[in-house]
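Quick one: the structure is below, and I'll ask about it shortly.
Every read-out reported here was derived from the displayed coordinates using simple, explicitly stated rules and does not represent laboratory data. Predicted model only: the values in this text are computed from it and were never measured. Cβ placement follows ideal geometry from the backbone for every residue including glycine, while neighbour counts extend to all protein chains displayed.
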Amino acid sequence: MSAVSQPPYAPFRCAPARQTSEADKNIATSSGTSRAIGTVSAVSANPDETVWRSGCPISSALDVLGDKWSLLIIRDLVICGTRTYSDFRESPEGIATNILAARLKLLSRLDLIERVDPERASRGNAYQLTERGAALRPTLNELFTWSQQHLGEFHPDMHPEQRSL
């Protein structure tokens, strides 16, 4: 039997692939529908619960930021400073209202964003990055640079003139 090789950057041990039974392949969501277990993330059926796939720091970051909407919300706040719910809805990516509400709640619960006026009702209240959320700016800039360098040839509508966020 051969030993599992460990990546040099991982201070944790690589676990063998988890065997998933047919009964485990779907989990119930709050709407009563099911979703494949591979999509389990920090967005839980219970909005006040965080579900982590593993103790790996990269996996944990992806549980929060790995869906296509969370990073776009962070991007908009990096670029614009503050945004209202309506502003997010009007972005060109076209986020659905239920997904937007869930992501705003998740990002707020994890102290990445906050309402500008916590005493005011959510409707019409703007969101801004917290210090923890603002710390993602260098990560977004690196992702931006990587995308321009490596995806530009595949995506002709990408804006090559923009150099950073």
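On full extension of the chain, what length is gained from residue 137 through residue 72, given 0.36 nm per residue of separation minus the C-alpha to C-alpha distance?
Roughly 22.2 nm would be gained on extension.
How would 52, 69, 146 line up from fewest to most surrounding beta-carbon atoms within 10 angstrom?
146, 52, 69
For residue 113, enumerate residues with amide H under 5 Å from its amide H, sequence gap 5+ or separate chain, H modeled in the peptide plane.
Counting only residues 5 or more places away or on other chains, the set is 108, 130.
Please list the non-local residues whose amide H lies under 5 Å from the amide H of residue 127, H modeled 1.01 Å from N, same-chain partners needing a gap of 5 or more.
Amide H to amide H, under 5 Å and 5 or more residues apart or across chains, residue 127 pairs with 83, 84, 116.
If you don't mind, another one. Taking neighbour counts of Cβ atoms within 10 Å as a proxy for exposure, in what order, fewest first, do 117, 63 appear?
Exposure proxy ranking, most exposed first: 117, 63.
Rounded to the nearest 0.05, what FRET efficiency is calculated for residue 153 and residue 51 with R0 set to 25 Å and r the Cβ-Cβ distance?
Rounded to the nearest 0.05, the efficiency is 0.10.
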